[in-house]
Amino acid sequence: MKALVCVKRVIDYNVKIRVKTDKSGVETENVKMSMNPFDEIAVEEAVRMKEKSQVSEIIVLSVGSDKSQETIRSGLAMGGDRGILIKTENDQVEPLNVAKIIKYICDKEKPDLIILGKQAIDDDCNQTGQMLATLLGIPQATFASELKKNEDNTIDVTREVDGGLETIRVGIPCVITTDLRLNEPRYASLPNIMKAKQKKIELIEIDELGIDIKRRLEILEVNEPPERKPGIKVENVESLVDKLKNEAKVL
Ligand code: AMP
C-alpha cells in the first residue's frame, strides 16, 4: 500500500498566540512554527504501518509557502520516503482548496491510503479530510483512534464519536483522519534528521495545477478572547447556592 500523509505548517502549540495590532490576523513573524500535531500523529501511523510491512512507501505532502519544506523534512525525518510541496504564497489556503490540491496529487500518485489530521490547530476547521474523500468519491474514516489492517486489504478503524467508540471497516483507497489517541509520535533521531536531508522533495508551483485557490472567506477582524474574571471562594454551601441563584441566576 502506498500512503500519502498531509502535513500543515502551523504556529507551534506551545506558543501564546498574539493578535496583530491592526486586528487583521495573528502574529506569525518570529514565531515558532511546527507541524500540526494531528499531522505528526498521521505521519507516525504511516511509519508504524511501514514498519509492519503494511505500507510500502510514504509520501509527505504540504501545501504552503517555501518554509513548509521544513515541515515536510520533519515528516521525512520521522520515516517518510519523499516529499511534495505545492508552493503557494502563504500557508493559509482554505480547506476546500487544499482538498482540491490533494485530489490533484492523488490522481497523479494513486495512493491507497491518505492520512490527514482531524483538524489543523490554526484554523480548527476539521474539513479537509471530509472534503477530500467527497471529491475523490472514496470512503472516509474520521477521528481514528485505532487502525487495524486486514488480510483482504480492508482497514478496521476505531473512531472517537460522541457516545464512545465506533469501529467501521473501510476498503482502500480511503481517507483517514487522525485523533489524538491514535498514537504518540516519535522524536526523530539525529541520524534520521541527517538522512532526511538527502530525501527528495518535489516542488510544484500552484499555478501549474490550474486550480483556483481564491479565498471565499473574508476575515473581518480578529480579537483576543475576553479575559476571564478571577473566581472567588465561598464560605459554605448555603452561600454558594445563594450566589448561583441570585447572582449567576443559573438555579
Ligand atoms: P483543517 O480541515 O484545516 O482543520 O485541516 C485538517 C487536516 O488537513 C490537517 O490536519 C492536515 O492533515 C490537512 N491540511 C490542511 N491544510 C493543509 C495544508 N496547507 N497542507 C497540507 N495538509 C493540510
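The values are calculated or read from the model by the stated rules, or taken from the named source; none is laboratory data. Fair warning: this is a prediction, and the values are worked out from it, not measured in the lab. Cβ sites come from the backbone with ideal geometry, for glycine too, and all protein chains shown count toward neighbours.
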Any chance the range 15-37 includes a residue that's within 10 Å of the chain's Cα centre (by Cα), crowded, with 23+ Cβ neighbours inside 10 Å, outside any loop (DSSP other than H, G, I, E, B) and not hydrophobic (A, V, I, L, M, F, W, C)? no
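Yes/no matrix, rows are residues, columns are (1) loosely packed, with under 10 Cβ neighbours inside 10 Å; (2) not β-branched (Val, Ile, Thr):
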site: Gly210; (1), (2): yes, yes
site: Lys214; (1), (2): yes, yes
site: Arg228; (1), (2): yes, yes
site: Val234; (1), (2): no, no
site: Val237; (1), (2): yes, no
site: Leu240; (1), (2): no, yes
site: Ala248; (1), (2): yes, yes
For the range 43-55, indicate whether the set of residues that are under 20 Å from Val10 (Cα atoms) and either in a loop (DSSP other than H, G, I, E, B) or touching a Gly at 6+ places or on another chain (Cβ under 7 Å) (or both) is non-empty. yes
Between residues in the range 128-141 that are small (Gly, Ala, Ser) and residues that are away from the ligand (no atom under 14 Å from the Cβ) and outside any helix (DSSP H, G or I), which pairs lie under 6 Å by C-beta distance while being six or more apart or on different chains? Ala141/Val157; Ala141/Ile168; Ala141/Val170
When you scan the range 196-208, do you find a residue that is in a loop (DSSP other than H, G, I, E, B) and under 30 Å from Leu136 (Cα atoms), even just one? yes
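In a strand (DSSP E or B), away from the ligand (no atom under 13 Å from the Cβ) and of a type in the set (D, E, K, R) - does that describe any residue in the range 75-82? Walk me through it before giving the result.
First pass over the range 75-82, keeping only residues in a strand (DSSP E or B): 82.
Then drop every residue that is not away from the ligand (no atom under 13 Å from the Cβ), which leaves 82.
From what's left, of a type in the set (D, E, K, R): 82.
So far as the range 75-82 goes, yes, one or more of its residues are in a strand (DSSP E or B), away from the ligand (no atom under 13 Å from the Cβ) and of a type in the set (D, E, K, R).
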I need every pair where a residue in the range 224-247 that is within 30 Å of Lys16 (Cα to Cα) has its Cβ under 8 Å from the Cβ of a residue that is of a type in the set (A, V, I, L, M, F, W, C), sequence separation at least 6 or different chains. Glu224/Val19
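For (1) closer than 14 Å to Val5 by Cβ; (2) free of Cβ contacts under 8 Å to residues at least 40 places away in the same chain, each residue gets a yes or a no:
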| site | (1), (2) |
| --- | --- |
| Gly64 | no, no |
| Arg82 | yes, no |
| Asn90 | no, yes |
| Leu113 | yes, no |
Answer yes or no: is there a residue in the range 49-57 that is in contact with a helix residue (DSSP H, G or I) (Cβ under 6 Å, 6 or more places away or on another chain) and within 26 Å of Tyr104 (Cβ to Cβ). yes
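Kindly establish whether Ile121 is away from the ligand (no atom under 11 Å from the Cβ), within 23 Å of Asp179 (Cβ to Cβ) and at pLDDT 95 or above. Before the answer, list the steps.
On the way: away from the ligand (no atom under 11 Å from the Cβ): no; within 23 Å of Asp179 (Cβ to Cβ): yes; at pLDDT 95 or above: yes.
The answer is no for Ile121.
Within 20 Å of Ile172 (Cβ to Cβ), within 13 Å of the ligand (Cβ to nearest atom) and not small (Gly, Ala, Ser): which single residue out of Leu116, Leu85 fits that description?
On the way: Leu85 fails: within 20 Å of Ile172 (Cβ to Cβ).
Of the residues listed, the single one that is within 20 Å of Ile172 (Cβ to Cβ), within 13 Å of the ligand (Cβ to nearest atom) and not small (Gly, Ala, Ser) is Leu116.
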Going through the range 153-181 in order, the residues found to be outside any strand (DSSP E or B) and either at pLDDT 95 or above or under 14 Å from Gly117 (Cα atoms) (or both) are Thr154, Gly171, Ile172, Pro173, Asp179, Leu180, Arg181
Where the second residue is in a loop (DSSP other than H, G, I, E, B) and acidic (Asp, Glu) and the first is closer than 11 Å to Ile101 by Cβ and lies in the range 203-220, which pairs have Cβ atoms under 9 Å and are six or more apart or on separate chains? Ile206/Glu89; Ile213/Glu94
Filtering the range 119-156 down to residues that are over 21 Å from Gln92 (Cα atoms) and of a type in the set (Ser, Thr, Tyr) yields Thr134, Thr142, Ser145, Thr154
Identify, by number, the condition in (1) in a helix (DSSP H, G or I); (2) more than 10 Å from the ligand (Cβ to nearest atom); (3) crowded, with 22+ Cβ neighbours inside 10 Å; (4) not β-branched (Val, Ile, Thr) that Cys106 doesn't meet. (3)
